[in-house]
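Down below is the structure, laid out as structure tokens.
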Amino acid sequence: MTEYTLYFDGGSNNNPGRSSSGSVIYNEDNVEIWAESYYVGDYETNNTAEYYGLIKGLEYAVNHNITSLTVKGDSSLIINQVLGKYKVKSSHLVGLHRQVMELVSHFDNITFSHILRKYNKRADELSRIGRNL
């Protein structure tokens with residue numbers, strides 16, 4: 001089974017503000033196979049943008065029959081909510097979290113890990129591009 005890695009990020013100017021996300025998937029040889037910048041909205045939060053980065057990456061993986069995925073992000077909140085360590089308390093994140101969990105159900109093997117921002121440079125770069133779309 002081929003192993004893939006998804007990195008995601010999101011950001012907002014002024015939080016809430018102009019927001020966007022970035023997602024990138026690498027194959028097991030660490031070759032970038034897909035990347036996307038996504039404009040989230042004019043008045044959204046950082047956390048909303050982070051969830052969109054995760055959702056867009058998971059959607060790509062599901063639509064391209066990727067069944068084994070390692071997910072890495074620098075948002076401790078999002079990673080811990082997906083892992084069930086934190087409750088989703090913000091009403092505007094409940095539906096996004098539900099969408100993530102539905103997508104997660106399509107994988108045979110999926111793991112999530114929190115990484116430092118310095119190891120998430122490509123997803124961060126894509127997120128910043130999205131604010132200019």
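The values are calculated or read from the model by the stated rules, or taken from the named source; none is laboratory data. Just so it is clear, the model here is predicted, and its values are computed rather than measured. Backbone-built Cβ (ideal geometry, glycine too); neighbour counts: all protein chains shown.
Side notes on the structure shown:
- Residue match in region 40-52 (condition: crowded, with 18+ Cβ neighbours inside 10 Å and under 13 Å from Thr5 (Cβ atoms)): no
- If the condition is being buried (at least 16 other Cβ atoms within 10 Å of the Cβ) and farther than 22 Å from Arg122 by Cα, then region 89-105 contributes Leu93, Leu96, His97, Gln99, Leu103, Val104.
- Checked against the criteria, Glu50 counts as outside any strand (DSSP E or B), within 26 Å of Ile129 (Cα to Cα) and of a type outside the set (Phe, Trp, Tyr).
- Count - residues of region 65-78 that are of a type outside the set (A, V, I, L, M), part of a loop (DSSP other than H, G, I, E, B) and in contact (Cβ under 8 Å) with a residue 12 or more places away in the chain: 3
- Meets criteria (at pLDDT 95 or above, of a type outside the set (Val, Ile, Thr) and either more than 12 Å from Ser21 (Cβ to Cβ) or surrounded by fewer than 19 Cβ atoms within 10 Å (Cβ to Cβ) (or both)) for Ser75: no
- Filter result for Val94 (more than 18 Å from Ile129 (Cα to Cα), assigned to a helix (DSSP H, G or I) and either touching a Cys at 6+ places or on another chain (Cβ under 6 Å) or not small (Gly, Ala, Ser) (or both)): yes
- Residue that is farthest from the chain's Cα centre (by Cα) [pool: residues in region 13-42 that are acidic (Asp, Glu) and outside any loop (DSSP other than H, G, I, E, B)]: Asp42
- Taking every residue in region 79-93 that is under 20 Å from Ser105 (Cβ atoms) and pairing it with any residue that is among the basic types (Lys, Arg), at least 6 positions away or on another chain, the pairs with Cβ-Cβ distances below 8 Å are Gln81/Lys87.
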